[in-house]
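To start, the structure under review is shown below, and the notes come after it.
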Amino acid sequence: MRTLVVDHPLVAHKLTALRDERTASPTFRRLADELVTLLAYEATREVRVVPVEVTTPVATTTGCHLGTPLPLVVPILRAGLGMLDGMTRLLPTAEVGFLGMVRDETSLVATAYANRLPEDLTGREVFVLDPMLATGGTLITTVQLLADRGAERITAICLLAAPEGIAALNSAFPGDDLTVVCAAVDERLTEKGYITPGLGDAGDRLYGVV
Ligand code: URA
């Protein structure tokens with residue numbers, strides 16, 4: 001697995017505001033959206049493109065456009081939904097699939113409770129959106145499901161990651177097919193499974209405690 005921590009002052013600035021417990025949901029949603037767009041810029045650095053001819057008012061030259069099959073964006077419900085607009089702003093022609101994951105609190109195993117993904121993902125580049133890479137359980141199950149359907153290059157975009165989650169994903173997917181892009185890798189997980197210092201429960205900060 002490759003890990004890319006995006007080192008940029010605007011990323012750090014927005015992340016700091018997201019961490020602040022005083023940041024209310026409307027501002028949190030806007031900042032998360034902006035931060036994802038910055039992360040997506042780095043995450044799409046190797047997105048597949050094909051050359052095309054373009055005629056400018058002055059001359060003809062070669063440019064490029066996105067190759068096919070088009071990339072697939074997969075937000076993990078619920079908190080990943082808060083990252084969707086920020087991602088599709090940069091990749092407006094990407095298709096979007098949805099995955100709802102739930103974790104059994106005893107076995108800690110994550111399973112899909114909602115799955116709206118194409119059956120065949122052969123050759124597909126997939127961008128998974130999940131704000132918090134904590135234990136890695138949800139992402140391991142998700143990446144395995146996508147790989148089983150034929151996804152080729154999978155990139156997980158997270159706002160924050162814990163070292164424990166990075167290590168778990170890395171041992172599950174030691175090759176280069178998976179990349180994790182995040183704004184920071186924090187200290188560790190607490191006993192309750194929160195990333196510390198973190199930003200709290202991303203779903204609650206985005207949408208409130210429901
Ligand atoms: N999920 C969250 O929303 N926050 C954490 O700190 C860990 C997992």
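What follows draws every value from the coordinates through simple rules; no lab data is involved. Just so we're clear, the structure is a prediction, and the values are computed from it rather than from any experiment. Positions of Cβ are generated from backbone atoms using ideal geometry, with glycine treated the same way; all protein chains shown enter the neighbour counts.
Relative to the longest principal axis of the Cα atoms of the chain, helix 25-43 runs at roughly 50 degrees. Phi angles across the stretch 116-124 convert, under the Karplus curve 6.51 cos²θ - 1.76 cosθ + 1.60 with θ = phi - 60°, into 3J(HN,Hα) values of 10, 10, x, 4, 10, 10, 4, x, 7 Hz, Gly and Pro given as x.
Need one number: % antiparallel among DSSP beta bridges in the stretch 41-181, to the nearest 5. Intermediate results must be reported in sequence, preceding the final value.
Details: 13 of 32 bridges.
Counting DSSP beta bridges with both partners in the stretch 41-181, the antiparallel share is about 40 percent.
Remark on Ala151: its backbone amide H falls under 5 Å from those of Leu121, a criterion applied only to residues 5 or more positions apart or on other chains, H modelled at 1.01 Å from N.
Most tightly packed first, judged by the mean number of other beta-carbon atoms within 10 Å of their residues, the peptides 196-209, 98-111 read 196-209, 98-111. Site pair Asn115 and Thr93 shows an inter-label distance of 3.0 nm when each label is modelled 7 Å from Cα along Cα→Cβ. Residue by residue, the stretch 188-201 carries 3J(HN,Hα) couplings of 5, 9, 7, 4, 8, x, 8, 6, 10, x, x, 9, x, 7 Hz when phi is fed to the Karplus relation 6.51 cos²θ - 1.76 cosθ + 1.60 (θ = phi - 60°); x denotes Gly or Pro.
Selection among Ala168, Leu178, Gly203 by position relative to the dipole of the stretch 163-210 gives Gly203 as farthest towards the positive end (Cβ unit charges, Cα centre).
Taking Lys and Arg as +1 and Asp and Glu as -1, the other residues whose beta-carbon sits under 11 Å from that of Arg78 total -3.
For the chain, take the longest principal axis of its alpha carbons; what is the angle in degrees between that and the long axis of helix 163-172, to the nearest 10 within 0 to 90? Value to nearest ten degrees: 60.
Give the whole-number value, in cubic angstrom per residue, of the convex hull volume spanned by the C-alpha atoms of the chain.
In the chain, the Cα hull volume divided by residue count equals 136 Å³.
Restricted to Cα atoms, the stretch 6-73 shows a radius of gyration and a Dmax of 17.8, 54 angstrom. With the alpha-carbon atoms of the stretch 96-144 aligned to their principal axes, the span from lowest to highest coordinate is 35, 19, 16 Å, starting with the largest.
Of all the Cα-Cα pairs you can form in the stretch 144-210, what percent are over 18 Å apart? Beyond 18 Å sits 47 percent of the P(r) for the stretch 144-210.
Think of each Lys and Arg Cβ as +1 and each Asp and Glu Cβ as -1; about the Cα centre, that makes the dipole of the stretch 57-210 roughly 280 debye. At a Cβ-Cβ separation cutoff of 4.7 angstrom, cysteine residues of the chain with no neighbouring cysteine are Cys64. Over the chain, Cα pairs under 8 Å with separation of 6+ residues give a relative contact order of 24 percent.
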